[in-house]
Amino acid sequence: APRPRRARAGAGARFWASWCAPCWEETPALVRLSQEMSASGVEIVGISMDEGRSEQIDAEVRRFKRALHVTYPIGFPSRMSQMLYALEELPTTILVDRQGRAAKIYVGAIREKNVRADIKALLGEAKPSPGQLVGSVASPK
């Protein structure tokens, strides 16, 4: 019999590319957050924004996942997706609340402690990271 799916408490969608240096730098933090928060029902998903031939993209994504021990799923936007053109820069990470709404958008590299605090706030366990209200656009620059 199929296992019942646990209710998702929230999600993080992370838009990245294999050529993006900050993406390489912040991925270990997202892997840790994914592993720590999965028991609470929080899921992280990576969206590769790499462009080129599909074989080339597949090889780059596999290399990225292997090198950084990425355990969360990686997807790709559809060719006609508006996301291909809507992002200001990579990486961009979007926290999504239980209702499926964007609760926080980080443009540029993340700070692990801030994302952890914001996830805990979404779970009702803590307040959002200092100086940033849930729903705001944040960048550590």
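Which residue is nearest to the chain's Cα centre (by Cα), if the candidates are limited to segment 14-60 and must be among the aliphatic types (A, V, I, L, M) and farther than 28 Å from Gly100 by Cβ? Among those that are among the aliphatic types (A, V, I, L, M) and farther than 28 Å from Gly100 by Cβ, it is Ala21.
In this structure, Ser34 qualifies as closer than 25 Å to Leu122 by Cα, of a type in the set (Ser, Thr, Tyr), crowded, with 18+ Cβ neighbours inside 10 Å and touching a strand residue (DSSP E or B) at 6+ places or on another chain (Cβ under 8 Å). Residue count for segment 52-81 satisfying the condition of being more than 27 Å from Leu33 (Cα to Cα) and of a type in the set (Asp, Glu): 1. Pairing residues of segment 55-68 that are without any contact (Cβ under 8 Å) to a residue 60 or more places away in the chain with residues that are in a helix (DSSP H, G or I), at Cβ distances under 6 Å and at least 6 apart in sequence or on separate chains, gives Leu68/Thr27.
Of the strands (runs of 3 or more DSSP E) entirely within segment 11-115, none holds at least 3 residues that are among the acidic types (Asp, Glu).
Just so you know, all these numbers are worked out from the coordinates, no wet-lab data involved. Note that the structure is a prediction, hence the values are computed from the model and not measured. In this analysis, Cβ positions are derived from the backbone assuming ideal geometry, glycine residues included, and neighbour counts consider all displayed protein chains.
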